[in-house]
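Down below is the structure, laid out as structure tokens.
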Amino acid sequence: MIRLGDEAIVKRAFTAQDVADYRALGGAGMPEGEVPEPLVGALFSYLLGVKVPGPGTNYLKQQTRFLKPVPLGGELTARVAVTRIRTDKHLVDLETTCHGPGGVLLAEGRALVYVEDVADKGW
């Protein structure tokens with residue numbers, strides 16, 4: 001059962017090869033030593049689709065504000081936390097954050113997702 005305050009976390013360090021692979025897929029160039037913002041966004045997508053709320057989740061809206069450049073090679077901690085559940089509309093609001101080495105807040109935002117199988121989530 002999902003509840004207010006439920007959260008999920010993933011830790012990941014992106015390498016120069018990860019950035020090269022991203023560029024090869026058509027990503028825009030980035031300053032040396034920085035992780036492209038869409039790769040950070042992918043961490044949130046992973047958490048929402050696999051952990052909280054999990055399978056059956058559909059993105060409706062994502063808003064992320066990057067506060068500092070995301071360093072290449074440093075361990076990142078991405079987190080999503082449930083802030084509101086609207087069972088009548090099958091909607092879940094979540095806070096999203098990404099911290100870098102030393103706990104520095106690099107990005108923060110919100111996500112709104114639709115969960116079709118709301119009854120299976122025990123709400």
Revision key, fill the gap. Residue hits (segment 93-112; in contact (Cβ under 8 Å) with a residue 24 or more places away in the chain, under 13 Å from residue 61 (Cα atoms) and either of a type outside the set (A, V, I, L, M) or buried (at least 22 other Cβ atoms within 10 Å of the Cβ) (or both)) are 94, 96, 109, 110, 111
Review point. Within the set of pairs 6+ apart or on separate chains, which have a first residue in segment 68-83 that is in a loop (DSSP other than H, G, I, E, B), a second that is open to solvent by 10 Å² or more (accessible area, probe 1.4 Å) and hydroxyl-bearing (Ser, Thr, Tyr), and C-beta atoms under 8 Å apart?
Key: 72/15; 73/15
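The values are calculated or read from the model by the stated rules, or taken from the named source; none is laboratory data. If you're wondering where the values come from, they're calculated on a predicted model, not measured in any experiment. As a convention, Cβ positions derive from the backbone with ideal geometry for all residues, glycine included, and neighbour counts pool all protein chains shown. Only protein heavy atoms, including side chains, enter the accessible area calculation; ligands, DNA and RNA are left aside. Shrake-Rupley method; radii C 1.70, N 1.55, O 1.52, S 1.80 Å.
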